[in-house]
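A.B. asks: One structure is given below, represented as structure tokens, and several questions about it will come after.
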Amino acid sequence: MRLLEYVEEKRGIDIPKKEAMKLLSSKHSKAYKVHTIDYPIFRGVRGYGEYVYIDPSKSVEPRISRNTNNYYTLMIDNFSNWNKYPKRSKSIICTTDYQYASHMSSKVYRVFPENGSYIGVCPMDDIWGAIAYSPNNEWTYKDVGWSIHEIAKLPPIKADDPVDYSDMIDIFKKIERYRDKLDIYINDLYTYSNVTKDLWKEYRSSKKTFLYYMRQIIDPDLSGFKLVKTGNELKKFREVWISAPCVLVNVSVEGLSLSNLE
């Protein structure tokens with residue numbers, strides 16, 4: 001994803017300092033106690049005051065990936081090998097790099113998840129750059145998502161990008177149904193052509209269904225993702241996502257100065 005994706009999301013509410021401190025000393029105490037050590041989580045977002053409360057799991061509408069297709073979000077949300085991870089569509093997307101968070105928004109917040117909550121950790125600063133599992137190729141999650149997008153746009157499929165999981169499964173079934181008829185169209189592709197052609201070739205030789213093949217290459221363990229609990233060590237320069245309730249505190253607030261956070 002891009003930083004703009006979580007800068008533009010606004011699903012929290014402003015809360016008074018007294019309420020924020022009460023939460024930080026109780027339900028969110030584990031994250032707050034380690035905030036001066038090396039485990040900070042940041043979020044750049046506009047439109048809030050100094051203290052914010054957000055529970056992304058209670059969002060009325062699921063979060064849809066912006067500026068890209070929605071395939072990797074739907075796969076992470078629904079594939080069984082990801083079932084221990086927070087749902088991306090019901091999460092806030094954050095970073096462990098202050099500079100990255102501040103790049104698109106002058107307002108940067110420290111994020112304090114609720115005690116006992118799980119945090120999905122990408123192997124790098126952007127999930128788009130995560131490497132899908134392939135024995136013969138090195139594709140990023142962005143490569144895979146755009147390759148599916150390209151294949152789904154070909155005749156005779158001509159499918160729009162999916163909004164929900166059932167949409168994606170329908171597209172995968174059509175790809176499977178027309179697998180013997182798409183080769184000529186694949187060869188004529190221009191955009192992302194080399195990656196898409198290689199992915200299609202590997203899928204065809206695998207003799208697996210398209211759904212099974214995607215489950216195989218989009219795998220958290222093989223791609224280097226981690227799942228950690230609130231208060232545990234987080235590496236710098238990582239994209240992270242959280243579906244649990246969080247307290248956000250502007251980094252300019254006294255006691256949370258930038259000098260304590262970097």
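A.B. asks: What angle do you read, to the nearest 10 degrees and between 0 and 90, between the alpha-carbon axis of helix 165-177 and the longest principal axis of the chain?
C.D. replies: The angle comes out near 20 degrees.
A.B. asks: Average the reciprocal distances over every distinct pair of alpha-carbons in region 134-217, invert the result, and give the Kirkwood radius in Å.
C.D. replies: Its Kirkwood hydrodynamic radius stands at 12.8 Å.
A.B. asks: Using amide H atoms built in the peptide plane, which far-off residues or other-chain residues are under 5 Å from Thr140 H to H?
C.D. replies: Here Ala132 satisfy the definition.
A.B. asks: Something else now. Relative to the Cα centre, what is the charge dipole magnitude of region 134-217, using +1 at the beta carbon of each Lys and Arg, -1 at the beta carbon of each Asp and Glu, and rounding to the nearest 20 debye?
C.D. replies: 340
A.B. asks: Related question: I need the calculated FRET efficiency for the pair Glu233 and Ser25, taking r as the beta carbon distance and R₀ as 22 Å, to the nearest 0.05.
C.D. replies: Approximately 0.50, to the nearest 0.05.
A.B. asks: Tell me, what is the percent relative contact order of region 134-217, built from C-alpha pairs under 8 Å that lie six or more residues apart?
C.D. replies: Computed value for region 134-217: 34 percent relative contact order.
A.B. asks: Let me ask you something else. Beyond 36 Å, what share of the Cα-Cα pairs of the chain remains, rounded to the nearest whole percent?
C.D. replies: Counting pairs separated by more than 36 Å, the tail of P(r) holds 21 percent.
A.B. asks: Helix-only estimate, please: 222 nm mean residue ellipticity of the chain, summing -39500 (n - 2.57) across DSSP H runs of length 4 or more and dividing by its residues, to the nearest 500.
C.D. replies: After summing the helix terms and dividing by residue count, I get -9000 deg cm²/dmol.
Read the figures in this text as sums done on the coordinates, not as results from a lab. Everything numeric in this text was worked out from a predicted model, so none of it was measured. Note that we place each Cβ from the backbone using ideal geometry, even for glycine, and neighbour counts take in every protein chain shown.
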